[in-house]
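For reference, the structure is listed below as structure tokens.
Read the figures in this text as sums done on the coordinates, not as results from a lab. These figures come from a predicted structure and were not determined experimentally. Here the Cβ positions follow ideal geometry from the backbone for every residue, glycine too, while neighbour counts run over all protein chains shown.
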Amino acid sequence: MASIAPAQQDQEHEVDANSIRAAYEKLAPFIVNTPVVHSATFSSMAHCQALFKLESLQMTGSFKDRGGLNKLLSLTAAERARGVIAASAGNHAQAIAYHAKRLGISAKIVMPRMSPLVKIRSTQHWGAEVILEGETFDDAFNYSQQLVKEENRLYLHPFDDPYVIEGQGTMGVEILAHPLCQDLAAILVPVGGGGLIAGLATYIKQTRPEIQVIGVEELSCNSMYQSRQAGKVVQLAPQPNIADGIAVRKVSARNLATVMRYVDDLISVTSDEIANAIMLSMEIEKIVIEGSAAVTVAALLNHRLPTLQDGTDKKVLSILSGGNIDVNLLSRIINRGMAFDGRVYEFELVLNDKPGSLESILSIFRESGANVVEVHHHRFASHAAIGQIAVSITVETRDKAHIARLKGVIQDRGYPARLREPS
């Protein structure tokens, strides 16, 4: 992600536990004190006491309400009159749009042309002028800087700003005041550019230093981890990802310094693990979260924290940072999550092209208790010889062990099978 030099007054604003408490007093009337809930099922699966902070229930669907509003409240009357501009593909855009309208501040948001339609509409709904420019975030950011010069608007950075960091840290005030969190062992925090974990870690470590603060990134975009390892900001090359809200290729140097000072550990999870966490959060807890929020759940479910997940009932709080997931993408994510769990698989088979062949193979699935959901014939497949036909059969299964047994039976009966997860 591109960056812009912060204003001089911003550089001089010091963020600490006292400033975060003061910010919370200003923000509290206008944000949601989001609930903390305990999950008995996830606790059993994760071998610890699993708590969740539901920031997905903020007005615009994510924790970005906190930092965006705190920044807007810090503006002078003259700065408000200039109007503001932000470059964002999602949650920061919606937070700025909503609170700027409420405060009577003109706001423009530059988004990449291919941004999810649901996020474009939501940002427009909250009253900002949305400008679609460029194919990537960097394109949108560069255009926003052009508008800053042309229109003399104030640019609002999504994470490299002390007032934004301070606002995100107000979550810590609510956490430490909650009855379920009085004996917390650790807090798991999604990490993108680092604004949330910098603010939260500052407050927690200056108030309750015995609580571990652990950041979680998607493995394909773990720029904070790599920067911490290098001791300096490292910019990553673009990679496919599912947690688009934290897909930041270049973190803030300011936030990296805070992470190096206060954060106990940084861990990563894969895209398949994230998809599975989204699916299980809906299925088990009836909570809809986006990929960037699901990284903390994925870390728990895949036991990335052995010293905390030791069966001694340590309390681990996961920040569910947002719920703004594109419904058009949700079905694909569910499929990926089910495949990761071994609950949906696709067999590719070659059968003799004669009556009864398909019925014979389907009987194997019926006998094993697998539910056939799709059958596709590929009559022109190059790997099928003359007199044969390629068939792909997608089935619902119980788990990965069920898949392995099915594959064994199919091969024992003379059907060479290739196994793959449906996309």
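Miscellaneous remarks
- Amide H partners (placed H, <5 Å) of Ser106, local residues excluded: Gly83, Val84
- Net charge of the neighbourhood of Phe42, taken over other residues with C-beta under 12 Å away and scored Lys/Arg +1, Asp/Glu -1, is -2.
- GNM on the chain, alpha-carbon springs under 10 angstrom: the most fluctuating residue among Asp161, Asp16, Asp399 is Asp399.
- Within the straight-line cut-off of under 22 Å between alpha carbons, the lysines reachable from Lys64 are Lys26, Lys53, Lys101, Lys108, Lys119, Lys205, Lys250, sequence neighbours fewer than 8 places apart in one chain being disregarded.
- Mean separation of Cα contacts under 8 Å, 6 or more apart, over the residue count of the chain: relative contact order %: 16
- Whether the stretch 113-173 is rounded, prolate or oblate, judged on the alpha carbon gyration tensor where a/c under 1.5 counts as rounded: oblate
- The packing ranking, built from the mean of other Cβ atoms within 10 Å per residue, places the peptides 300-306, 337-343, 354-360 in the order 337-343, 300-306, 354-360, highest first.
- Chain lengthening between Ser331 and Arg21 when straightened (0.36 nm per residue, less Cα-Cα): 107.5 nm
- Between amide H atoms placed 1.01 Å from N, distances below 5 Å from Ala128 occur with no residue 5 or more places distant or on a separate chain.
- What the Cβ-Cβ distance of Leu236 and Arg261 gives, at R0 = 30 Å and to the nearest 0.05, is a FRET efficiency of 0.85.
- Sites Lys101 and Ile284, calculated FRET efficiency, Cβ-Cβ separation with R0 45 Å, nearest 0.05: 0.80
- Relative contact order, percent, the stretch 342-420 [alpha-carbon distance under 8 Å, six or more residues apart]: 48
- Among the listed options [x] 26.1; [y] 22.9; [z] 20.6, the one matching mean projected area of the Cα convex hull in nm² as calculated from these coordinates is [y].
- Sparsely packed loop sites in the stretch 37-125 (the chymotrypsin sites (Phe, Trp or Tyr not before Pro) outside DSSP H, G, I, E and B with at most 16 other Cβ atoms within 10 Å) do not occur.
- For the pair Val372 and Thr76, a Förster radius of 45 Å applied to the C-beta separation gives a FRET efficiency near 0.10, rounded to the nearest 0.05.
- When each of the peptides 162-172, 124-134 is scored by the mean number of other C-beta atoms lying within 10 Å of its residues, the order from highest to lowest reads 162-172, 124-134.
- 5 angstrom amide H check on Ser318, placed H, neighbours 5+ away: Leu51, Phe52, Lys53, Leu188
- Note that the stretch 302-317 has calculated 3J(HN,Hα) couplings of 9, 6, 7, 10, x, 6, 9, 9, 10, x, 9, 6, 5, 8, 10, 9 Hz, one per residue in order, obtained from phi through the Karplus relation 6.51 cos²θ - 1.76 cosθ + 1.60 (θ = phi - 60°); glycine and proline are x.
- Working note: Cα gyration tensor of the stretch 64-155, eigenvalues times five, square-rooted, sorted largest first, giving semi-axes of 20, 15, 10 Å.
- Radius of gyration and maximum dimension Dmax of the stretch 342-420, Cα, Å: 11.9, 35
- In order through the stretch 257-271: 3J(HN,Hα) via Karplus (6.51 cos²θ - 1.76 cosθ + 1.60), integer Hz, x for Gly, Pro: 4, 5, 4, 5, 7, 10, 7, 6, 7, 10, 10, 10, 10, 8, 5
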